[in-house]
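These notes are about the structure you will find just below.
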Amino acid sequence: MGRTWEQFLQLLEGLHNMLGLSENKRLIIYDHNLSYEFQFFRKLIEWDKVFFTEPRKPLFAVCGGLEFRDSIKLSGGRSLEKIGQELRLFPTLNKAVGNLDYKKLRGINTPLTEKEQEYCEMDVRVLNAYIYEKMLDEGFNIAKIPYTNTGYVRRYVREKCFSYDWYRGVIKDLTLTKPVYNLLTEAFQGGFTHASSYYVDKTLRNVGSFDKRSSYPSVILSEKFPMGRFRPWQFTSDEDFQELCEKNAVLFRCDLYGLYPANDRDHIISLSKCRDEHGRPISSTRADELGIIVDNGRVVTAPFVSITLTETDYKIFRKFYGCIEAQIHDVWYAPKGYLPKPIIEATLKMFHDKTTLKGVVEKAVEYMISKNMINAEFGMMVTSIMKEVLQYDNERGYLPPKEPDIISRLEEYNRDPKRFLFWAWGVWITSYARYNLLRVVNAVGNDHVYSDTDSDKILNPENHLETFAQFDNEMMEKLKASSEFFKIPLESYMPCSPSGEKQIIGTWDYEAKYDRFKTLGAKRYLVQYPDGKYAITVAGLPKGAVKYMRKHFTDPFDGFNSDLYIPAEESGKLTLFYGDDPISGQFVDYLGNVCEYHEESFVHMEDKYYTLNRSDQFAEFLLGIRDRVEEWYE
C-alpha cells in the first residue's frame, strides 16, 4: 500500500524494470473507473498512446509496456459491490461497503483505521478476483479479454459468422457510399420515449404496463433487412413508390408542408431529426421562430419540416400525421431479406440462455452474462462507423476532436476483412422496434399514457388484452416464417423458463399493474404498486430518491411535480469538476491535522441538488396550445 504519487510511480518503474516490459510485452493494470484516476496521474506519466471512447474517458492508456484498462467498461458498468456479489470462484470475497466515509477530509498522513484499510484492500482483491475469473474463461490468457463488455458478444457473433465459408462473400457485397451513409445517419433514431400530453401531471389509477420480450432481438430474428447495395430510384408515381416500399428496404427524404396531427394518440416525429428548407437542423429555439409547435421534443404541427425515413417509418408516420403537401426525393433502395443464419443462431442461443437461467440461484452469474450479451448485441449493431478521433498530447493535454474523412473512412469500412456487420441493419432494427411499439400506441387510442422503447403504459389494461393477443399472433406468424426459412425448430424461438413457462420472443408481457401512476414527461414517472411500494424513474436521478419523497411529503404524488427540488445531501446525485491546472495548499483533516497537498491535475466530486425543471416550450404547450391545435385542424 502507498499514500503518495511518488510511491505509485516507483512501483510502476519497479514493475517495468523487473518484468522487462516493452511495447510487445505489456503488463495490464485494471482500474475500476480509469477516467477518474487518469485525471489525477495523467501529467505524471509520459504516455505512448491513449484511446478515448468519450471526452475525458479513456478506454486504455499505454506507457512503456504498462497498459491501464478501464474495468468498468469490461463489466458493463457494474459497480465493484455488484461484481463481488457475482464472483463464481470467490463467493465470500465482497467489497467492504460502508467501511470508508468519503466525506471525511484526509491527507497523505491521515491515519487509516483498520476498517478503512480493509475497504481499500478489498476493492483491489475483488477486482483482482474478477479479472482472474475472466482470464480463466480465456484459457488463462489475459490478452484475450476484450476491452469492453460488448466485445464478448462481438467476438461470439463474429466467430459464428466466419465459421461459414460463404459469409465473407455476403458481407463483402454490403457496402456504403457517402450519399447512403448520410441518409442512414439522418434516419437513425433510438427508441420512442414519450408521454401523452393529455396525462402529464395527472395522477392516474388503473394503469398497466406491457413490455415486449427482447424487442430488438425479436426484430433481428423475424424481420427482413437491407441485403444488398443501395441504388438510387427515380420517382415516377405514388403507386410505384408504394410498390417499391412493399418489396424493398427504402431510404428517402420527405419534405412536409402544413404538417398536422392526424389523431390524439401521441406525436412521434422527433424535432432533433428535422431540418429546415436549407437542410439545417432545427433547435427548439428556432422551432418557435419557424412556427413549429413542439410537445416535449416531438413535433405537433409545422409549416414546413424535412425528415429522412425508412419505408417502415413511413408506414407508421402516416397513421399519426397528415399534411397539405409532401414531396419525396433522394430515394435509395436495396433488396430485403432475413439476416444471415449465423446471426439468427447466435441471437437464439443468447435468448435461450437468458430465459432458461433467469431465477436459478446457482446460475445467477451465467444468467447475468447471457443477459448482458443479448443486451449488448443491439449496441454492437449500431456502433458508429464514423467516430470523431479524441486526441491527447503529453504537453498540451486534451486536444480538440478530429473529424474523420467520410470518403476515406467508408473505403476502410467497405474493405475491412474483419467486418461482419452492415451498419444499415442497425437503422432498420430500431425502425422496426418503433413501428411495433407505435402500433400499440395507435391501437389503444386515448388509453395510451406513456411509452419507452419496448413498453407501453396504458389505462384500463384489461380492455386491451385482445389487442395485444392479436399482435402476439402476428408475431407468431413471423417467427414461424423465420423458422421455416432457416430450417430451425420453432421451439428455439420460445424456450421455457425454469418454471416451465414458454417465453415466446417478441410477444407482449403484461408486466405490472400500478395502483397509481404519474408522469411529468419522457423518463420522468412515479408509480405505486398494489402492495404500497413506490418506485421512481427520472433520468439523472438515483432510484433511492423515492426515500426523500416519502420522507418529506405525506403523499409522494403531491410532491412529484415540475417544481420538485431535492437538496444535494439527499439526492444521491454527484457532480464532477475537472481541474487541468496544478493546485497546491493546506487543509485540516477530520482529525485536526494540518495536511499539505499538491496535484498537477484533479477531479473534484461533490453532492449535487436535483431540480425537475420543465422547458418553457413544453410548459406553454401544456398550458393550452394543444387546444388551439385541435381548433386549427378541425
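Taken together, the values in this text are just the output of simple stated rules run on the coordinates, not laboratory data. Everything quoted here is computed from the prediction, not taken from an experiment. Don't worry about glycine lacking a Cβ; one is built from the backbone with ideal geometry, like all the others, and counts go over all protein chains shown.
Using only Cα atoms, tell me the angle between helix 114-137 and the longest principal axis of the chain; keep it within 0 to 90° and round to the nearest 10. Around 60 degrees separate the two axes. Between the listed residues Phe68, Phe140, Met1, the Cα displaced farthest toward the positive end of the dipole of the range 1-147, a dipole computed from Cβ unit charges relative to the Cα centre, is found at Phe68. Rg over Rh for the range 1-147 works out to 0.96, using Cα positions for both radii and the Kirkwood form for Rh. Taking the fewest neighbouring Cβ atoms within 10 Å as the starting point, the ordered list for Ile220, Ile45 is Ile45, Ile220. Ordering Phe577, Pro461, Leu15 by the projection of their Cα atoms onto the charge dipole of the chain, which places +1 on the Cβ of Lys and Arg and -1 on the Cβ of Asp and Glu, puts Leu15 at the extreme positive end.
Dividing the mean sequence gap of close Cα pairs (under 8 Å, 6+ apart) by how many residues the range 1-160 holds gives a relative contact order of 20 percent. The distance between label points at Asp515 and His329 comes to 5.9 nm (points 7 Å beyond Cα on the Cα→Cβ vector).
The chain has equivalent-ellipsoid semi-axes of 43, 32, 27 Å, by the square roots of 5 times the alpha carbon gyration tensor eigenvalues, sorted largest first. Sorted fewest first by neighbouring Cβ atoms within 10 angstrom, His278, His464, His329 come out as His278, His329, His464. Taking Cα atoms, how many degrees apart are the long axis of helix 178-187 and the longest axis of the chain, rounded to 10 and kept between 0 and 90? Computed tilt is about 90 degrees.
Computed from point charges on the beta carbon alone (+1 for Lys and Arg, -1 for Asp and Glu), the dipole magnitude for the range 117-186 about its Cα centre is near 460 Debye. Only Lys, Arg, Asp and Glu carry charge here, each on its Cβ (+1 for the first two, -1 for the last two); on that basis the range 1-159 has a dipole of about 440 debye about its Cα centre. By the Cα gyration tensor, the range 155-299 has an equivalent ellipsoid whose semi-axes, rounded to whole angstrom, run 34, 25, 16 from largest to smallest. Could I have the simple spin-label model distance between Thr236 and Ile108, label points 7 Å from Cα toward Cβ, reported in nm to one decimal? Going from the Thr236 label point to the Ile108 one covers 7.9 nm. Here the gap between Asn593 and Phe8, fully extended at 0.36 nm per residue and compared with their Cα-Cα distance, gives a gain of 208.2 nm.
The count of lysine pairs in the range 458-592 whose Cα atoms are under 19 Å apart, excluding pairs fewer than 8 places apart on the same chain, comes to 19. For the range 148-517, the spread of Cα coordinates along the three principal axes comes to 60, 56, 56 Å, biggest extent given first. Restricting the GluC sites (Glu not before Pro) of the range 269-361 to loop positions (DSSP other than H, G, I, E, B) with no more than 16 neighbouring Cβ atoms within 10 Å leaves Glu277. Near Val427, within a Cβ-to-Cβ distance under 14 Å, what is the net charge of the other residues, with Lys and Arg +1 and Asp and Glu -1? Computed value for this residue: 0.
Protection proxy ranking, highest mean first, for peptides 15-23, 122-130: 122-130, 15-23, where packing is the per-residue count of other beta-carbon atoms within 10 Å, averaged. Helix-only arithmetic for the chain: the sum of -39500 (n - 2.57) across DSSP H runs with n ≥ 4, divided by the residue total, places the mean residue ellipticity at 222 nm at -11500 deg cm²/dmol. In percent, rounded to a whole number, the relative contact order of the chain is 18, using alpha-carbon pairs under 8 Å and six or more apart. Fully extending the segment from Lys25 to Asp137 would add 38.2 nm, taking 0.36 nm per residue of separation and subtracting the current Cα-Cα distance. Each Lys and Arg Cβ is given +1 and each Asp and Glu Cβ -1; about its Cα centre, the chain then shows a dipole of about 1400 debye.
In straight-distance terms, cross-link reach from Lys104 covers every one of the aspartates and glutamates whose alpha-carbon lies under 15 Å from its own, apart from those fewer than eight places away in the same chain; here that gives Glu116, Glu569, Asp589, Glu606, Asp607. Using Cα positions and a limit of under 14 Å, work out the aspartates and glutamates in reach of Lys178, with same-chain residues fewer than 8 apart set aside. Once the sequence-local aspartates and glutamates are set aside, what remains near Lys178 is Glu186, Asp330, Asp405, Glu411, Glu412. Report note on the peptides 527-539, 195-207: ranked by the mean count of other C-beta atoms within 10 Å, highest first, their order is 195-207, 527-539. Toward the positive end of the charge dipole of the range 148-517, with +1 on the Cβ of Lys and Arg and -1 on the Cβ of Asp and Glu, the farthest Cα among Thr185, Leu204, Val305 is that of Thr185. Each part reduced to its alpha carbon centroid, the range 155-204 and the range 25-101 end up 30 Å apart. For the range 322-381, trypsin sites (Lys or Arg not before Pro) meeting the loop criterion (DSSP other than H, G, I, E, B) and having at most 13 other Cβ atoms within 10 Å: none. Return one number: the angle in degrees, 0 to 90 and rounded to the nearest 10, between the long axis of the Cα atoms of helix 311-320 and the longest principal axis of the Cα atoms of the chain. So the helix axis and the longest Cα principal axis differ by about 70 degrees. For the listed peptides 508-517, 227-236, a ranking on the average number of other beta carbons within 10 Å per residue, highest first, reads 508-517, 227-236.
Inter-label distance, Asn17 to Arg396: 3.5 nm, where each label sits 7 Å from its Cα along the C-beta direction. When the Cα centres of the range 423-437 and the range 443-507 are compared, how far apart do they sit, in Å? That distance is 17 Å. Hey, quick one: spin label on Tyr36, modelled 7 Å out along Cα-Cβ, who in the range 582-600 has an amide N within reach, i.e. under 19 Å? Once the point is set 7 Å along Cα→Cβ of Tyr36, 599-600 turn out to lie under 19 Å by backbone N, inside the range 582-600. One chain, two ends: Tyr260 and Asn613. Fully extended at 0.36 nm per residue, the span grows by 124.3 nm beyond their Cα-Cα distance.
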